[in-house]
1. Any residue at all in the stretch 241-255 that is β-branched (Val, Ile, Thr), within 17 Å of the chain's Cα centre (by Cα) and within 23 Å of Leu71 (Cα to Cα)?
2. May I ask you to say which residue of Leu240, Leu251, Leu198 is outside any loop (DSSP other than H, G, I, E, B), free of Cβ contacts under 8 Å to residues at least 60 places away in the same chain and touching a Cys at 6+ places or on another chain (Cβ under 9 Å)?
3. Return yes when Phe272 is open to solvent by less than 20 Å² (accessible area, probe 1.4 Å) and either within 30 Å of Ile172 (Cβ to Cβ) or part of a strand (DSSP E or B) (or both) and no when it is not.
4. Pick out the one residue from Val184, Val171, Val149 that is under 14 Å from Val107 (Cα atoms) and either out of contact with any Ser or Thr (no Cβ under 6 Å at 6 or more places or on another chain) or modelled with pLDDT under 95 (or both).
5. Would you say Gly60 is part of a strand (DSSP E or B), open to solvent by 40 Å² or more (accessible area, probe 1.4 Å) and not aliphatic (A, V, I, L, M)?
6. Sort out which residues of the stretch 204-241 are touching a helix residue (DSSP H, G or I) at 6+ places or on another chain (Cβ under 9 Å) and not aromatic (Phe, Trp, Tyr), and write them in order of number.
7. Of the conditions (1) touching a strand residue (DSSP E or B) at 6+ places or on another chain (Cβ under 9 Å); (2) within 21 Å of Met276 (Cα to Cα), Ala215 fails just one. Which one is it?
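The values are calculated or read from the model by the stated rules, or taken from the named source; none is laboratory data. Since the model is a prediction, treat every value here as computed from it, not as a measurement. Because the Cβ atoms are built from the backbone with ideal geometry, glycine has one as well, and the counts that use them run over all protein chains shown. Surface accessibility is based on the protein's heavy atoms, side chains included, excluding ligands, DNA and RNA. Shrake-Rupley method; radii C 1.70, N 1.55, O 1.52, S 1.80 Å.
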Amino acid sequence: MWRVALASALVSLSVQASHLDNVCKMMSAPSFTDGFLTRYNVLENLEGQLIFENHVRLRGVIRDGDKLWVLASNSLIQMNKDGSGIEGFEMDKNISMTKAGDLILVVHGGGTVTAFNTKSREVAWTSTLNEVDGGDAVSITFDGTNALVVVTGTREGGFNGVATMNLQGKVIKTSPYDYVRAGVIDPEAIAHWHNGNLVLNNGGWIHVITPKQLASGKKFRPRWVSHQLGSGMNAHYMMLKGDFYFEGNTLVGCGLYNEQQEGDIVRAGALFKVQMP
């Protein structure tokens, strides 16, 4: 019996890897949760089975027990894992989200953050991040205590970095990027909390930020995790596209790289895995 179960699991993993590679070859920017992904306006499982199709773009998905929370550009949607039992909540200009206890924290275009209470089914609060000068929120994650809001500058000299926010919507600390040594925050940056660190896809580069750097409130330079391809004149770095997730301590996502085709260098996509330090 265990041999049958093992063989079934191996087949499932093979199907998942094949589907994810196809998704990445399309050079889409997917989002992931445990066992599911969104791309464009489609929600599917990792084996490629269609779960839900929407008329507008799907921005993200969170697995919450036997339910899924799906973020569309104009609404927050709850459904069963098979796509049934759909319930929608109107919410506009959505970009990204994370779950923090009973709250789903949603970043909107223009840099505001809304907390939606999954028990009361109502918005608990909305923050405009007035404490952050010249910056807009672009992504958010939860460290187990506070929300970590990734912020890009909206003007020259505007704030680029991470704002730590409590679950009542108050910014309690701001930690700026050292833009001279580390650049700025990309407007499409994506954040996750993993293994005690903040991990970003920042314009294709994997940046790791420690709790010590976040706690200091001072300018910091994140650690860059690179993945080199090719050699000699063809050496270059894989660029992460879209969201990512972790298998143990391995980051998994879609990567962009250079490929030679009939003497020309073209951009291509593939499933991307890199061991985290």
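1. Checking the stretch 241-255: at least one residue is β-branched (Val, Ile, Thr), within 17 Å of the chain's Cα centre (by Cα) and within 23 Å of Leu71 (Cα to Cα).
2. On the way: Leu251 fails: touching a Cys at 6+ places or on another chain (Cβ under 9 Å); Leu198 fails: touching a Cys at 6+ places or on another chain (Cβ under 9 Å).
The match here is Leu240.
3. yes
4. One residue alone meets the criteria, Val149.
5. Here the answer is no, as Gly60 does not meet what is asked.
6. Correct list: His207, Lys219, Arg221, Pro222, Lys241.
7. (2)
Per-residue answers, yes or no, for (1) at pLDDT 90 or above; (2) touching a Pro at 6+ places or on another chain (Cβ under 7 Å); (3) under 26 Å from Arg181 (Cα atoms):
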| site | (1), (2), (3) |
| --- | --- |
| Leu214 | yes, no, yes |
| Gly217 | yes, no, yes |
| His236 | yes, no, yes |
| Met239 | yes, no, yes |
| Glu247 | yes, no, no |
| Leu251 | yes, no, yes |
| Cys254 | yes, yes, no |
| Ala268 | yes, no, no |
| Leu271 | yes, no, no |
